[in-house]
Amino acid sequence: MNRILFFASLVLLLSGCNKQDFIKIDGKYPGNTGDYLYLSRIDVDQAVFIDSVKIKGSGNFSVRFNYHQPAFYNIGFNNSEFVTLIAYPADRISVTFKGDKLQDNYTVDGSPESEDIRLLDIKLNETLATLDSLQKEYQDISSLENFETMQPVLEEAYLTVIKDQRMHNIAFILDNLRSFASIKALYQRIDESTYVLYQPRDAQYLKLVSDTLGALYPNSKQVISLATNLDNELSQIYLESITNASKEIEPVVLDANLPDVNGKKIKLSDLRGTNYVLLSFWSAQSKDCITNNIQMKTFYTRYHREGFEIYQVNIDADEKLWKSSVKFDELPWISVKEEDPSQPATVRRFNVTKVPANYLFDKNGEIIGKDLFGRSLQIKLSQLFD
């Protein structure tokens, strides 16, 4: 018997707790009685219908529902005539509308964050009204003689209003990081294409809100969406920074301008236009390079008159060894040398890590082959000339 009583008491206790978790929104509307207000929960980018409530003869209305997370709600007559509230489980919110048009004049009790949303909307509406006034003034003076004098003044005033709105939202966010109303401050817009927080660096405030609310409400759809949006924003900022940085970097020109055995500088790009050019890197101390030179002499003899040229860069520190090797081996092509073998600029420009190495350029200066030696080079030259 005692067990039965204990079990019954426990059931009543648990059911009582569940009832206490429901959210209640009531209020008063002074307009036509008998109309219906519609309540929807905003799940990130879609409205989920919750309930409709009839406005009684006294103008009162009341609705109750359950939801396990804090969330945004719209209550109103349609998709354009509504107000936004923030409700937590077990909240008791009272909304009093003081005019026929809901957004124009209302108050909220029992939900400080809903009141914050109301104040954010009021501030933004004041900003938009000021901007509209400045735009009208701009249009009115566009045909006047003193337009050039007034134009920068109005443009500066317009930007100042936008900057003031941005600073207002930033201050709100920093003061209300634990509030869902900070999400509203993040996503307010000046127009369809311009957020109030329009600077790329404003992503830091998105991160602050995302991190704070993520720790408090990790399962909230709004908070999860916020974190996803943060990742997308940071990726976009990174991509833009890389793009901008690449525009500022001077393009690497794959060219060389080095002295030959007589000290005369010869430019690689001057050989293009009528010749296929083999840019070759070598060392007089490398047996592989010397063997490769012997093979290339055969190819050079066969194809030079048909438009084949070799521009060979020596990387040795010993200049006398280089010159004597060119003379002894009777190398018939253009032989040049890195001016500073300890800082070989051409080697680095062409990313040469070992010798022998080469690049084959077509007549337009485009690379059409890399590291072609022996039979591979012979086949390529035969394709080009035979």
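Report the calculated FRET efficiency for R349 and N229 (r = Cβ-Cβ distance, R0 = 45 Å), to the nearest 0.05. Approximately 0.60, to the nearest 0.05. When you work out D = kT/(6 pi eta Rh) for segment 127-185 at 4 °C and 1.567 mPa s, using the Kirkwood radius from C-alpha pairs as Rh and the Stokes-Einstein form, the result is 98 µm²/s. Extending 7 Å from the Cα toward the beta-carbon at both K101 and K207 defines two label points whose distance is 4.1 nm.
Here is the list for segment 295-342: GluC sites (Glu not before Pro) lying in DSSP coil, each with at most 16 other C-beta atoms within 10 angstrom of its C-beta, are E330, E339. The stretch between R375 and A129, if pulled fully straight at 0.36 nm per residue, gains 80.8 nm over its current Cα-Cα span.
The helix-only estimate of mean residue ellipticity at 222 nm for the chain, built from DSSP H runs of length n ≥ 4 each weighted as -39500 (n - 2.57), is -15000 deg cm²/dmol after division by the residue total.
Taking segment 325-386, how much of its Cα-Cα pair set, in percent, is spaced more than 12 angstrom apart?
Everything past 12 Å amounts to 78 percent.
From the P(r) of segment 116-248, could you give the percentage of C-alpha pairs in the tail past 18 Å?
More than 18 Å apart: 62 percent of the Cα pairs in segment 116-248.
Our summary of shape: the Cα atoms of segment 173-229 have principal axis extents of 31, 22, 18 Å, ordered from largest down, in whole angstrom.
Which links in K24/K221; K297/K320; K267/K380; K56/K184; K28/K163; K101/K136 stretch past 28 Å when you go from one Cα to the other? The answer is K56/K184; K28/K163.
Give the residues of segment 286-307 whose amide nitrogen is closer than 14 Å to a point set 7 Å from the Cα of K320 in the direction of its Cβ. Residues passing the 14 Å test: none. Fraction of C-alpha pairs exceeding 23 angstrom in segment 21-110: 16 percent, rounded to a whole number.
Potential lengthening of the chain between I162 and N79 amounts to 27.2 nm, from the contour at 0.36 nm per residue minus the alpha-carbon distance. The angle separating the long axis of helix 203-216 from the principal Cα axis of greatest extent in the chain is about 50 degrees. Enclosing the Cα atoms of the chain in their convex hull gives a volume equal to 338 cubic angstrom per residue.
Taking only the alpha carbons of segment 73-136, we obtain Rg and Dmax values of 13.4, 47 Å in that order. Relative to the dominant Cα principal axis of the chain, helix 112-141 is inclined by about 60°. Taking the longest Cα principal axis of the chain as reference, the axis of helix 287-303 is set at about 80 degrees.
We did not get these values from a lab; they are worked out from the coordinates using the rules stated. Remember, it's a predicted structure, so these values are computed and weren't measured experimentally. We place every Cβ from the backbone using ideal geometry, glycine too, and count neighbours over all the protein chains shown.
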